[in-house]
Amino acid sequence: MYTANIIDQEKTYLEAHQRFLDQKRGAYNAGYDSGYDTGYDSGHKEGEVRFLISTICENIKQGRKLDEFAPFLNSDLDMVSRIYNIAVKYSPSFDSDKIFEELKSLQKS
């Protein structure tokens, strides 16, 4: 009887410990998934902005003014205007990394 009681207690402890581990694993996976999704979305948005910078710089190089190409970009006109104003400062080299960093610093302020 005494041995059966100890076995039952041990079994109960192991089941509780397994539930704890499952909860911990579930919380970890939820946090990981959330972080992955956030990172993916952030990277996707950065890629879109960098593509927009590249497109705007290409249009400036070809001598086009903002009002000539902005309506065709299918992007927020305020964002296009901000990028254009920054990019003009970096003419003729159009360093897209510097343009991106300046745009990012303006958005933080």
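Please treat every number below as a calculation from the coordinates, not as lab data. Everything numeric in this text was worked out from a predicted model, so none of it was measured. Quick reminder, even Gly has a Cβ in these numbers, built from the backbone with ideal geometry, and neighbours come from all protein chains shown.
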(request) Would you mind giving the average projected area, over all directions, of the Cα convex hull of the chain in nm² with one decimal? (result) 10.5
(request) Please give the contour-minus-distance gain from residue 98 to residue 65: 0.36 nm per residue of separation, less the Cα-Cα distance, rounded to one decimal in nm. (result) 9.8 nm
(message) Can you compute the modelled spin-label distance between residue 76 and residue 54, with each label point 7 Å from Cα toward Cβ, in nm?
(response) 2.2
(request) Just subtract the alpha-carbon distance of residue 17 and residue 105 from 0.36 nm times their residue separation and send over the number in nm, one decimal. (result) 26.9 nm
(request) Tell me what the chain gives for mean residue ellipticity at 222 nm when only DSSP H runs of n ≥ 4 count, each as -39,500 (n - 2.57), the sum divided by the residue total, rounded to 500 deg cm²/dmol. (result) -29000 deg cm²/dmol
(request) Quick one: among 22, 76, 67, which has the greatest mean-square fluctuation in a GNM of the chain with alpha-carbon springs under 10 angstrom? (result) 22
